[in-house]
Every structure is written in structure tokens, then in C-alpha cells.
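Student: One structure, pasted below without further comment.
Readers should treat all values here as calculations from the given coordinates under stated rules, not as data from a laboratory. Remember, predicted model here, so these are calculated numbers, not experimental data. Ideal geometry is used to build each Cβ from the backbone, glycine not excepted, and the neighbour counts take in all protein chains shown.
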Amino acid sequence: MKKLFFFLSVFIMVYGSSCNNTPGSNSNNARTRTKNKADSLMDDIMADHGTGMAKLNKVSAAQGLVQHIIDSIGKLPEKERKLLSAPINDLDSLLTQLRSAENGMNQWMDAFNMDSLANKPDERIQYLESERKKTAKIKEELISSLQKADSLLKKYRR
């Protein structure tokens, strides 16, 4: 009987405290909204990061393939290399874009501080908004470079 009374008391306390957290009734409502905004931004950042991480292996593989093609063209006689100067320029440009996208992701990961400004909610939101813009740009660069690689490399697949 005592156990039942104990569990019932705990249930009532938990239920009662959760009822007090309805919107508008909490004096810490602004802090809650700030936390929710920060959590939402962090979720967006982590989603972009996850997408970027999934693309990094493909970017690395594309870099290897592009470099292999460039090296193979470099082994051709000079007359044939001259005929392929435009494709070589395209491949060099693509390789630079792939490396840049990969480096952008790696640099962002090194610099990002997940717990930055944890005790300063308004400043944390500004930081996370800035980081959200960065991760969106990095994700777009990774996707764009892979699309360009797919398009350009189709020409060299047989």
C-alpha cells in the first residue's frame, strides 16, 4: 500500500509540474522560446552536417577519379594532350571545386563549437544562425560539386 501511495504521489507531482508549463503561464516563457530556437537551429545545423558527411566519401571518390583521368591524359603524347587542353581545364576546375567543398566542410567541423555561448541564450542564437548559414552553404557546395562531377565524368565513362 505504501508503494502504491509513493508512486501515486510521484505521478501527481510530475503531472502537476507539467501542467504548470503551459504557454503563457510560465514566467520563464521567453527563456523557453530562446532554448527552442537554439535547439531548432542546432537540429538544422546537424542535419546539414549529416548530409555533408554523407557526401564526403563521394567527393573523395570523385577527386580520385578526376585526378586519375588528369594523370592519364598527362601520359599521352604532347600532340594528343594539346587536343585535350579544354577538357583538362574543365577537370582541373572540377578538382579544385571538389577539394574546396571538402576543405570547407573540414574547416567548419574544426571550428564549430557545439556548446558555444551556452549561458548566453541570445548570443548563442546569433552564433547558431551564423553557423546554420555556413552549413547550408557547405552542403550546397558539396552537392553542386558532385553534380558537376557526375555531369563531367559521364563524358569519360564508356
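Student: Which ordering of Leu146, Leu94 is given by a fewest-first count of other beta-carbon atoms within 10 Å?
Tutor: Leu146, Leu94
Student: Separate question: Could you put Ser93, Ser145, Ser72 in order, starting from the residue whose Cβ has the fewest other Cβ atoms within 10 Å?
Tutor: Going from sparsest to densest Cβ surroundings: Ser72, Ser93, Ser145.
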